[in-house]
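Working notes for the structure below.
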Amino acid sequence: AGDAGAVTVRRRVAAWSWPSVSCAMATPARPDRPLSVEEYLALEETSPVRHEYVAGAIYAMTGGTIRHDLVAGNVYAGLRAAASGEACRVFLGGVKVRVADDKIYYPDVAVRCGPIDQRAVMTADPCVVVEVTSPSTRRVD
């Protein structure tokens with residue numbers, strides 16, 4: 001009964017909660033006026049919620065699933081192993097990628113080769129971008 005290779009880990013975690021956010025990915029988080037890229041970046045520095053930026057509108061990032069994180073983690077691990085010894089860095093979901101003057105996303109995994117400013121919060125020239133999709137996000141991702 002059960003998978004012989006399965007490992008069960010139990011950990012007690014203290015109860016806590018994030019501040020509530022009432023915006024979904026499909027609805028701009030701030031519809032009153034378009035934001036400049038500079039305003040968006042300033043907002044991101046202090047926001048407890050990550051946002052993607054498209055033509056002046058910002059969209060709150062929604063939570064993912066365990067399956068999504070497992071897939072992204074496996075892709076990251078494979079790319080990181082492949083980049084070992086190279087002048088490339090692999091990023092897992094926390095680095096913004098500017099894909100156009102008016103579009104900034106947080107891809108699930110990105111690879112950038114060459115010199116890197118480790119204090120930077122965004123890159124504009126990754127050589128690999130990976131976005132894990134699901135039936136509900138395929139159209140947008």
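The values are calculated or read from the model by the stated rules, or taken from the named source; none is laboratory data. Fair warning: this is a prediction, and the values are worked out from it, not measured in the lab. All Cβ positions, even for glycine, are placed from backbone atoms using ideal geometry, and neighbour counts span all protein chains on display. Note: accessible area is taken over every heavy atom of the protein model, side chains too, but ligands, DNA and RNA are not part of it. Shrake-Rupley method; radii C 1.70, N 1.55, O 1.52, S 1.80 Å.
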For this session: Might you check whether a residue that is modelled with pLDDT of 50 or more and loosely packed, with under 15 Cβ neighbours inside 10 Å occurs anywhere in the stretch 16-28?
Result: yes
Problem set entry | Single match in I58, I66 (criterion: modelled with pLDDT of 90 or more and touching a His at 6+ places or on another chain (Cβ under 9 Å)) | I58
Exercise. Considering the stretch 68-78 alone, what residues qualify as being touching a residue at least 12 places away in the same chain (Cβ under 8 Å) and open to solvent by 40 Å² or more (accessible area, probe 1.4 Å)?
Worked result: H68, V71, V75, Y76
Problem set entry | From the options V121, V132, V99, residue that is in contact (Cβ under 8 Å) with a residue 60 or more places away in the chain and open to solvent by 50 Å² or more (accessible area, probe 1.4 Å) | V121
For this session: May I ask you to say which residue of A81, A87 is touching a Cys at 6+ places or on another chain (Cβ under 7 Å) and open to solvent by 40 Å² or more (accessible area, probe 1.4 Å)?
Result: A87
